[in-house]
Amino acid sequence: MIHLLDRPFETLPTWLAERGVPAYRAGQVTTWLFKRRADGFDEMTDLPQTLRAELAEAFAIWTTTVAAHQRADDGTEKMLVELADGQRVECVLLRDDRHHRTVCLSTQVGCAMGCAFCASGMDGLVRNLTSGEILEQLLRLQQLLGPDERLSHIVVMGMGEPLANLDGLLPALAVAASPEGLGISARRITLSTVGLPGGIERLAREGVPYHLAVSLHAADDRLRTELIPSNRGTGVRALVAATDAYFEATGRRVTFEYVLLAGVNDRVEDADALVGLLRGRPALVNLIPFNPVDELPYRTPGSADVARFADRLARSGLTVKTRYRKGDRIDAACGQLRRRRQST
Ligand code: SAH
């Protein structure tokens with residue numbers, strides 16, 4: 001069977017053409033899938049019954065099952081999705097009062113980056129997700145929405161390193177951004193990366209103005225390599241140069257994410273080093289107070305320390321936001337639901 005969500009705008013028209021079915025049928029199918037949130041071919045009532053049956057024999061829409069689903073009081077919903085080979089990944093739907101409906105997607109099972117404070121990479125990388133598996137997370141979360149709700153934003157901040165799986169990710173995002181697909185503007189799609197300069201350069205070449213967020217977490221190489229081992233072969237300077245090139249190519253300001261770890265990277269000197277690195281750049285800084293992970297020794301700074309750090313950056317002219325935490329009571333962060341399920 002063909003996974004329909006793997007490059008649906010290519011496989012479906014080809015398959016139909018081979019059978020002499022008029023091309024507009026492909027549009028009907030994708031409209032059902034992406035706009036009308038259909039679950040199966042049997043719902044696609046404007047297609048001839050025989051065609052529906054043939055499609056159902058040739059194509060699988062869903063290759064995953066939902067292994068767990070949790071909903072928090074603030075409207076955040078989290079799914080643990082089980083893939084055909086039994087591996088599991090997490091994805092999240094976030095609701096906020098401005099009617100934003102944001103989904104957070106995973107791109108890999110596990111992660112090879114091994115960041116010291118992150119739960120997703122603790123057991124290394126298992127495999128890349130396919131395009132279809134990435135798109136399936138999106139559609140499953142879209143199905144949780146009420147009839148008056150629409151997906152407005154995508155953040156690729158789930159499990160895995162997106163720039164290590166661009167071949168899987170980019171076709172899925174192209175469907176998300178296309179008017180025939182989910183119609184979510186590229187500007188409302190954020191890729192968060194550990195900062196692989198080669199991947200950033202490829203994104204810049206593709207020319208699609210996705211919003212890029214780079215996990216910086218330290219401004220000097222010694223500390224950054226301690227927290228993010230992949231920094232060893234890269235270095236902060238080369239990383240920042242790649243983000244400059246991204247800005248030049250796409251006109252999009254880059255966000256720098258900074259996880260605040262008490263006593264590790266939240267001191268005044270750390271703030272000043274960050275200012276020194278980013279000064280003069282049209283950068284946004286996103287502070288993320290550490291979200292505790294059971295097995296790890298790091299601690300979350302107190303709110304006064306977070307405010308002091310933010311203030312120091314802002315006074316130096318940087319644009320700073322502190323990320324509002326949602327869903328932490330349902331483990332909606334950083335590979336924690338998957339781990340908890342593995343250990344029970
Ligand atoms: N691989 C991508 C996506 C990771 S998740 C990346 O490195 O950017 C999105 C953000 O959450 C990253 O900035 C990541 O460093 C951060 N993060 C990971 N574990 C965290 C934790 N326990 N608490 C707070 N932020 C965390």
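What FRET efficiency would be calculated for the residue pair residue 319, residue 143, taking the C-beta separation as r and a Förster radius of 25 Å, to the nearest 0.05?
Once the sixth-power term is evaluated, E becomes 0.10.
From the Cα gyration tensor of region 2-60, with a ≥ b ≥ c the square roots of its eigenvalues, which class applies: rounded if a/c is under 1.5, or else prolate if a/b is larger than b/c, or else oblate?
Rounded, since a/c falls under 1.5.
Averaging over all projection directions, find the projected area of the Cα convex hull of region 1-127 and quote it in nm² with one decimal place.
10.5 nm²
Would you mind checking the tilt of helix 49-58 against the longest principal axis of the Cα atoms of the chain, expressed as 0 to 90 degrees and rounded to 10?
50 degrees
Given Cα pairs under 8 Å that are at least 6 residues apart, what percent is the relative contact order of the chain?
Relative contact order, the chain: 14 percent.
Could you tell me which of 190, 23, 142 has its Cα farthest along the dipole of the chain towards the positive end, charges placed at Cβ (Lys, Arg +1; Asp, Glu -1), taken about the Cα centre?
190
Go through region 275-287 residue by residue and turn each phi into a ³J(HN,Hα) via Karplus (6.51, -1.76, 1.60, θ = phi - 60°); whole Hz please, and just put x for glycine and proline.
These are the phi-based 3J(HN,Hα) values: 4, x, 6, 9, 3, x, 9, x, 8, 10, 10, 10, 8 Hz.
About the Cα centre of region 44-91, how large is the charge dipole given +1 on each Lys and Arg Cβ and -1 on each Asp and Glu Cβ? Please answer in debye to the nearest 20.
60 debye
Skipping prolines and chain starts, which residues have an amide H placed within reach, meaning under 5 Å, of the one on residue 101, given they are 5 or more residues away or on another chain?
The list, which skips near neighbours in sequence, is 152, 153.
Based on the mean of other beta carbon atoms within 10 Å per residue, what is the order of 14-27, 98-111, most packed first?
Peptide ranking by packing, descending: 98-111, 14-27.
I need the shape label for region 79-234. Rule: rounded when a/c is under 1.5, else prolate if a/b > b/c, else oblate, with a, b, c from the alpha carbon gyration tensor.
Judged from the Cα gyration tensor, region 79-234 comes out prolate (a/c at least 1.5, a/b above b/c).
Could you run the Karplus curve 6.51 cos²θ - 1.76 cosθ + 1.60 with θ = phi - 60° over region 150-161 and give me ³J(HN,Hα) per residue in whole Hz, x for Gly and Pro?
In residue order, the calculated couplings are 10, 5, 10, 9, 10, 10, 9, 9, x, 6, x, 9 Hz.
Between 0 and 90 degrees, rounded to the nearest ten: what's the tilt of helix 303-315 against the longest Cα principal axis of the chain?
Between the helix axis and the principal axis of the chain, the angle is about 80 degrees.
Looking only at 126, 259, 155, which one moves most when the chain is put into a Gaussian network model with springs between Cα atoms under 10 Å?
Top of the fluctuation ranking is 126.
What is the pair-distance distribution P(r) of the chain, computed from all Cα-Cα distances in 10 Å bins starting at 0, with each bin given as a whole percent?
For the chain, the pair-distance distribution reads 5, 25, 32, 23, 10, 4, 1.
Once you charge only the Cβ atoms, +1 for Lys and Arg and -1 for Asp and Glu, what is the size of the charge dipole of the chain about its Cα centre, to the nearest 20 debye?
Here the size comes out at about 800 debye.
Quick one: angle between helix 236-250 and the longest Cα principal axis of the chain, in degrees between 0 and 90, rounded to 10, please.
On a 0 to 90 degree scale, this one is about 50.
A short reminder: the numbers here are calculations on the coordinates, not readings from a lab. Only a predicted model underlies this, so the values are computations on that prediction, with no experimental measurement involved. Cβ sites come from the backbone with ideal geometry, for glycine too, and all protein chains shown count toward neighbours.
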